[in-house]
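Asker: One structure, pasted below without further comment.
The values are calculated or read from the model by the stated rules, or taken from the named source; none is laboratory data. On a predicted model such as this, the values are computed, not experimentally measured, just so you know. Positions of Cβ are backbone-derived with ideal geometry, glycine not excepted, and every protein chain shown enters the neighbour counts.
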């Protein structure tokens, strides 16, 4: 199956890649090296389908403070546990944060804090599934896409500016 994609040009981050299987968004990627790794394993074609156009519009609204949540069909590829975590991430209000422990408790697995962190890291739908809103128990910005804490900080700052 071919994956269609479009590129959103963000003033804050540069190119953001949005991919669709035709029915749902399957990937939102902020980092070009990670996009290249994804694209090398899938047949991808740049195409402006109605779904991708809708995603581009919603990303633009988000980056300009006119959208606080996304209304797009999403295809999550992960375990039941990961999907529970990602659904919980979507319930974190715009401009606010929750801790990894908060998410673990929300999904009924209070001791699975590290596993929540791993699920957060495995999120393929950056921004749309707001893994950037999860912080350490002391409120510290930790663990965003490995060592890219600056991206997490910029997204939270953007949301707090428009909240």
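Asker: Go through (1) at pLDDT below 95; (2) crowded, with 19+ Cβ neighbours inside 10 Å for residue 145 and report which single condition fails.
Answerer: Every listed condition holds for residue 145 apart from (2).
Asker: Can you find a residue that is in contact (Cβ under 8 Å) with a residue 24 or more places away in the chain, exposed (fewer than 15 other Cβ atoms within 10 Å of the Cβ), farther than 26 Å from residue 33 by Cα and under 13 Å from the mean Cα position of the chain (by Cα) anywhere in the stretch 69-88?
Answerer: yes
Asker: Residues of the stretch 8-37 being closer than 20 Å to residue 132 by Cβ, surrounded by fewer than 18 Cβ atoms within 10 Å (Cβ to Cβ) and touching a strand residue (DSSP E or B) at 6+ places or on another chain (Cβ under 8 Å), which ones?
Answerer: Answer for the stretch 8-37, where residues must be closer than 20 Å to residue 132 by Cβ, surrounded by fewer than 18 Cβ atoms within 10 Å (Cβ to Cβ) and touching a strand residue (DSSP E or B) at 6+ places or on another chain (Cβ under 8 Å): 9, 10, 15, 32.
Asker: Being modelled with pLDDT under 95, in a helix (DSSP H, G or I) and on the phi < 0 side of the Ramachandran plot is the requirement here; does residue 48 meet it?
Answerer: Details: modelled with pLDDT under 95: yes; in a helix (DSSP H, G or I): no; on the phi < 0 side of the Ramachandran plot: yes.
Criteria not met by residue 48.
Asker: For residues in the stretch 19-34 being modelled with pLDDT under 95 and outside any loop (DSSP other than H, G, I, E, B), which is farthest from the chain's Cα centre (by Cα)?
Answerer: So the residue we want is 33.
Asker: From (1) farther than 14 Å from residue 130 by Cβ; (2) touching a residue at least 60 places away in the same chain (Cβ under 8 Å); (3) surrounded by 14 or more Cβ atoms within 10 Å (Cβ to Cβ), pick out the condition that doesn't hold for residue 113.
Answerer: (2)
Asker: May I pose another question? State all residues of the stretch 116-140 that are assigned to a loop (DSSP other than H, G, I, E, B) and crowded, with 18+ Cβ neighbours inside 10 Å; if no residue qualifies, say none. Step through it out loud before you land on a result.
Answerer: Just the residues of the stretch 116-140 that are assigned to a loop (DSSP other than H, G, I, E, B), to begin with: 122-124, 126-130, 136-140.
123, 124, 126, 127, 128, 129, 130 - these are the residues of the stretch 116-140 that are assigned to a loop (DSSP other than H, G, I, E, B) and crowded, with 18+ Cβ neighbours inside 10 Å.
Asker: When you go through (1) in contact (Cβ under 8 Å) with a residue 24 or more places away in the chain; (2) in contact with a strand residue (DSSP E or B) (Cβ under 8 Å, 6 or more places away or on another chain); (3) farther than 17 Å from residue 155 by Cβ one by one for residue 60, which number turns out not to apply?
Answerer: Result: residue 60 passes all but (3).
Asker: Could you please give the count of residues in the stretch 63-86 that are under 19 Å from residue 20 (Cα atoms) and part of a helix (DSSP H, G or I)? Before the answer, list the steps.
Answerer: Step one: of the stretch 63-86, the residues under 19 Å from residue 20 (Cα atoms) are 69-78, 83, 86.
When the remaining residues are screened for being part of a helix (DSSP H, G or I), the result is 83, 86.
Result for the stretch 63-86: 2.
Asker: Would you call residue 103 farther than 22 Å from residue 55 by Cα, touching a helix residue (DSSP H, G or I) at 6+ places or on another chain (Cβ under 6 Å) and touching a residue at least 24 places away in the same chain (Cβ under 8 Å)? Let's see the steps before the verdict.
Answerer: On the way: farther than 22 Å from residue 55 by Cα: yes; touching a helix residue (DSSP H, G or I) at 6+ places or on another chain (Cβ under 6 Å): yes; touching a residue at least 24 places away in the same chain (Cβ under 8 Å): yes.
Yes; evaluated as a whole, the condition is true for this residue.
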